[in-house]
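Just below is one structure, and these are the notes that go with it.
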Amino acid sequence: MNMDHAGPAEVAAPVAARFEYTPAAADYDRALRRFSLRTRPGLTGSLLLPGAFAAAAIFVRAVAWHLDETVVVISSVLGVIVLFAVRQAYRRFRVRGQYETHAARGVCRTALAEDGLTTTGTDGRSDRIEWSSYPWWFETPELFVLTGSLGYFLVLPKRGAASPEDLDRARALFVRHLRRI
């Protein structure tokens with residue numbers, strides 16, 4: 001992830017949209033649920049890889065132990081369920097850490113521009129993030145969520161938009177710079 005601490009001498013592109021919000025754990029939970037269950041990268045990471053590992057492991061065991069088909073099928077299904085649950089628990093743990101990091105900043109002020117976005121917290125810290133750091137985005141009724149292949153999220157609650165026009169300008173920036181999933 002490419003984050004630069006903005007300095008006073010830097011010249012940024014004109015701001016297109018502004019958000020001011022306090023991070024909420026429920027927002028991150030909604031973002032993870034939507035990513036995991038309704039996007040191709042989320043579903044692929046949740047089901048395909050663990051399913052392939054479970055199927056391969058069970059196939060090897062079936063050949064080595066000469067098990068019948070019923071045992072292999074039941075074992076396969078249970079293996080995929082366990083791997084899915086472990087993967088989802090790991091994602092939830094990581095997303096919870098992201099939330100705690102953002103929540104520690106207090107009230108966040110995020111400005112979106114053509115060259116990326118800058119988030120400043122009440123703790124005084126400011127991070128500049130280029131669009132390439134989060135190549136994908138999706139939208140829920142309450143959130144804009146920027147994400148990448150590793151499942152890291154930048155959650156922008158729509159409730160924090162400075163005006164309704166900022167929602168449209170943010171959406172236009174996302175369409176220009178990111179791929180919708």
Review point. Of all the C-alpha pairs in the stretch 61-141, what % are more than 15 Å from each other?
Key: 75 percent
Review point. When only the heavy atoms of the protein chains count and the probe is 1.4 Å, how do 129, 81 rank by accessible area, highest first?
Key: 81, 129
Check your understanding: Tell me, what is the FRET efficiency for residue 25 and residue 55 to the nearest 0.05, using R0 = 25 angstrom and their Cβ-Cβ distance as r?
Key -> 0.10
Exercise for review: With all protein chains present, calculate the accessible area of residue 77 using a 1.4 Å probe and round the result to the nearest 10 Å².
Suggested key: 80 Å²
Review point. Tell me, what is the 1.4 Å probe accessible area of residue 168, in Å² to the nearest 10?
Key: 90 Å²
Point to revise | Rounded to whole Å, sorted largest first: equivalent-ellipsoid semi-axes of the stretch 110-181, Cα gyration tensor | key: 17, 16, 12
Exercise for review: With no solvent and one equal point scatterer placed on each C-alpha of the stretch 98-149, evaluate the Debye formula and give log10 I(q)/I(0) for q = 0.19, 0.32 Å⁻¹, two decimals.
Suggested key: -0.74, -1.21
Exercise for review: Just reorder 28, 99 by solvent-accessible area, largest first, 1.4 Å probe, all chains present.
Suggested key: 99, 28
Practice item. List the residues of the stretch 87-125 whose backbone N lies under 18 Å from a point placed 7 Å from the Cα of residue 18 along the Cα-to-Cβ direction. Key: 107-125
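The values are calculated or read from the model by the stated rules, or taken from the named source; none is laboratory data. Being a predicted model, the structure only gives us computed values, none of them experimental. Every residue, glycine as well, gets a Cβ built from its backbone with ideal geometry; the counts of neighbours run over all protein chains shown. Surface accessibility is based on the protein's heavy atoms, side chains included, excluding ligands, DNA and RNA. Shrake-Rupley method; radii C 1.70, N 1.55, O 1.52, S 1.80 Å.
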